[in-house]
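Report on the structure given below.
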Amino acid sequence: MADQVDAGALTVAVLGGTGDLGQGLVYRLAGAGVHMIVGSRDEQRAVDGAAALSALMPDGSIEGATNDEASRRADLVIVAVPWAGHDATLTDLSAVLVGKIVVDCVNPLGFDAHGAYRLDVPEGSAAQQAAALLPASRVVAAFHNVSASMLMDSHVDDLAQDVLVLGDDRGATDVVRALAELMPGVRGVFGGRLRNAGQVEALTANLIAINRRYKARSGIRITGL
């Protein structure tokens with residue numbers, strides 16, 4: 001890898017770690033031996049969320065903190081906040097996140113009677129918005145298309161899917177690919193530059209439609225590699 005970093009030795013914070021996807025990522029990465037920090041705007045909610053996840057895996061290393069404190073203490077930060085709070089959250093943390101790998105997994109989606117649909121983002125994608133708000137951070141897009149309920153399902157010991165990892169910093173994408181591959185049955189696949197993150201975010205709307213139609217928890221696999 002371009003960055004010679006042991007992904008399992010990193011301290012990883014998940015902002016929005018009390019949400020469905022955030023909890024799932026904390027659960028799986030803590031299960032792989034990564035020290036995890038559950039981040040939230042509300043410190044007590046973060047502490048309670050970390051305690052609930054720790055009860056599910058007593059051998060895991062999980063703690064809770066405010067988004068600000070979690071970002072300060074982490075080597076790598078995953079952004080899993082609701083789209084509505086994306087801009088404000090990252091604006092507030094821009095100084096804290098200088099020089100850090102920031103993994104954006106936010107999907108800008110709307111929902112109506114017909115299901116999920118992509119929302120237009122002026123910058124092109126949530127990840128590109130993150131890069132604009134965090135010019136001194138190493139922004140990577142990943143983990144958009146993973147089922148939150150599957151991540152939290154202790155009966156699933158093989159996630160059997162790929163995680164597309166996009167970014168303009170090859171060393172940072174290599175670290176995130178390695179982090180993804182700590183989860184059972186997951187392969188991290190470089191998916192191009194950050195400018196291509198929009199279609200990966202939008203694909204989640206298609207997966208939601210597939211899951212509703214087939215009562216499934218679908219993911220993606222890239223063939224031919």
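The stretch between residue 222 and residue 196, if pulled fully straight at 0.36 nm per residue, gains 7.7 nm over its current Cα-Cα span.
Cβ-Cβ distance of residue 61 and residue 149, R₀ of 25 Å, FRET efficiency by 1/(1 + (r/R0)^6): the value works out to about 0.60. Evaluating 6.51 cos²θ - 1.76 cosθ + 1.60 at θ = phi - 60° for every residue in the stretch 215-225, the Karplus couplings come out as 6, 10, 10, 6, x, 10, 9, 9, 8, x, 9 Hz, glycine and proline recorded as x. So what's the gap between the Cα centers of the stretch 26-94 and the stretch 193-225, to the nearest angstrom? Result: 25 Å between the Cα centres.
Sort 88-101, 140-153 by packing, meaning the average of other beta carbons within 10 Å per residue, with the highest value first.
Numbers: 88-101: 17.1, 140-153: 22.1.
In decreasing order of mean packing, 88-101, 140-153 become 140-153, 88-101.
Of the options (i) 41, 29, 16; (ii) 32, 23, 15; (iii) 22, 21, 19, only one is semi-axes √(5λ) of the Cα gyration tensor in Å as computed from these coordinates, and that is (iii).
Any idea what the dipole of the stretch 7-214 comes to, in debye rounded to 20, about its Cα centre with Lys/Arg Cβ at +1 and Asp/Glu Cβ at -1?
400
Other residues within the sphere of radius under 15 Å centred on the Cβ of residue 151, judged by their own Cβ, net out at -4 (K and R +1, D and E -1).
Read-outs: derived from the displayed coordinates by stated rules, not from any lab. A quick note: this is a predicted structure, and the numbers were derived from the prediction, not measured. Reconstructed Cβ throughout: ideal geometry from the backbone, glycine too, with neighbour counts over all protein chains shown.
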